[in-house]
Amino acid sequence: MEIEETAAPGRRERKKRETRAALTAAALRLALEKGPDNVTVEEISEAADVSVRTFFNYFSHKEHAILGRDPDDLELALRRIREAPAGESPFATMRAIVARVLDDLESIEDQETALAQRIRLITESPNLLAQFVVLGSEDERDLAAALGDQMGEPLGSPLPALIVSATSMAVRVAVEQRKAGSDRSIRALVDEGFSLLATGLDPHYDPTRDSRTDQKGQA
């Protein structure tokens, strides 16, 4: 099931989107020029021709602007979960969510894309990496809660969180495979990852047997 786009945004909403885009573009450009740790909120605001107060109406940290964080992306994902067809498998729902991301990921080799530039910055800045991890964790919690409701799982069930985390890992592994030289598309690699997760990574695993770690702990 495709998520239908909402009606054309009004003037105020368009202005907000333009301001957000200007801030993220300025933040990325300055981070590439000076290094993400050397950029200030004041510089980003000035480059985007807005006040510092306006900056904080859109982003809590400069790192969020550099990463191009857009809460609309999370809202679209949550909407896709809430509107999942009856009987659709959780993995199918999550695969539909990442579909919008795959178009950008497939152009990751193009070093002129904003996505590729941000990925490079993340690997170079511990602070940016930390914010990236925090944001990802927050999003995963929200997605897992929504997926759990859709699945009818009881509160506290680990299954929705495991599915959401596994989905993120499947995408990350696919990106790493491409960077390592795989000639397959990221989309194909992601689909393979989903299939492996759905069918079981280790069919020979026997949870009734004590692991070596447990045995050492009992020694």
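The values are calculated or read from the model by the stated rules, or taken from the named source; none is laboratory data. Everything quoted here is computed from the prediction, not taken from an experiment. As a convention, Cβ positions derive from the backbone with ideal geometry for all residues, glycine included, and neighbour counts pool all protein chains shown. With ligands, DNA and RNA removed, areas are computed over all heavy atoms of the protein, side chains included. Shrake-Rupley method; radii C 1.70, N 1.55, O 1.52, S 1.80 Å.
Scan Ala86, Ala92, Ala99, Ala65 and give me the residue that is among the small types (Gly, Ala, Ser) and under 29 Å from Pro126 (Cβ atoms).
Working: Ala86 fails: under 29 Å from Pro126 (Cβ atoms); Ala92 fails: under 29 Å from Pro126 (Cβ atoms); Ala99 fails: under 29 Å from Pro126 (Cβ atoms).
After ruling out the rest, the residue left standing is Ala65.
Restricting to the stretch 68-89, name every residue that is open to solvent by less than 30 Å² (accessible area, probe 1.4 Å) and either in contact with a Gly (Cβ under 8 Å, 6 or more places away or on another chain) or over 23 Å from Val175 (Cα atoms) (or both).
Going residue by residue through the stretch 68-89, those that are open to solvent by less than 30 Å² (accessible area, probe 1.4 Å) are 68, 74, 77-78, 80-81, 84.
Those that are open to solvent by less than 30 Å² (accessible area, probe 1.4 Å) and either in contact with a Gly (Cβ under 8 Å, 6 or more places away or on another chain) or over 23 Å from Val175 (Cα atoms) (or both): Leu78, Arg80, Ile81, Ala84.
Taking into account only those residues within the stretch 46-67 that are closer than 27 Å to Ser168 by Cα and without any contact (Cβ under 8 Å) to a residue 60 or more places away in the chain, which is surrounded by the fewest Cβ atoms within 10 Å (Cβ to Cβ)?
Our first condition is that a residue be closer than 27 Å to Ser168 by Cα; within the stretch 46-67, this holds for 58-67.
Now restrict to residues that are without any contact (Cβ under 8 Å) to a residue 60 or more places away in the chain: 58-60, 62, 65.
On the way: Tyr58: 19, Phe59: 20, Ser60: 11, Lys62: 25, Ala65: 26.
Only one residue fits best here, namely Ser60.
Check off (1) part of a helix (DSSP H, G or I); (2) buried (at least 19 other Cβ atoms within 10 Å of the Cβ) for Ala92 and give me the number that stays unchecked.
(2)
Would you pick out the residues in the stretch 11-45 that are free of Cβ contacts under 8 Å to residues at least 12 places away in the same chain and touching a Leu at 6+ places or on another chain (Cβ under 7 Å)?
Hits for the stretch 11-45: nothing passes.
So, Leu162, is that one under 16 Å from Ala84 (Cβ atoms) and either open to solvent by 40 Å² or more (accessible area, probe 1.4 Å) or assigned to a helix (DSSP H, G or I) (or both) or not? Spell out how you get there, then give the answer.
Values: under 16 Å from Ala84 (Cβ atoms): no; either open to solvent by 40 Å² or more (accessible area, probe 1.4 Å) or assigned to a helix (DSSP H, G or I) (or both): yes.
The answer is no for Leu162.
Counting just the residues of the stretch 122-170 that are in contact with a helix residue (DSSP H, G or I) (Cβ under 6 Å, 6 or more places away or on another chain) and of a type in the set (Val, Ile, Thr), which one comes out nearest to Val39 (Cα to Cα)?
Ile122
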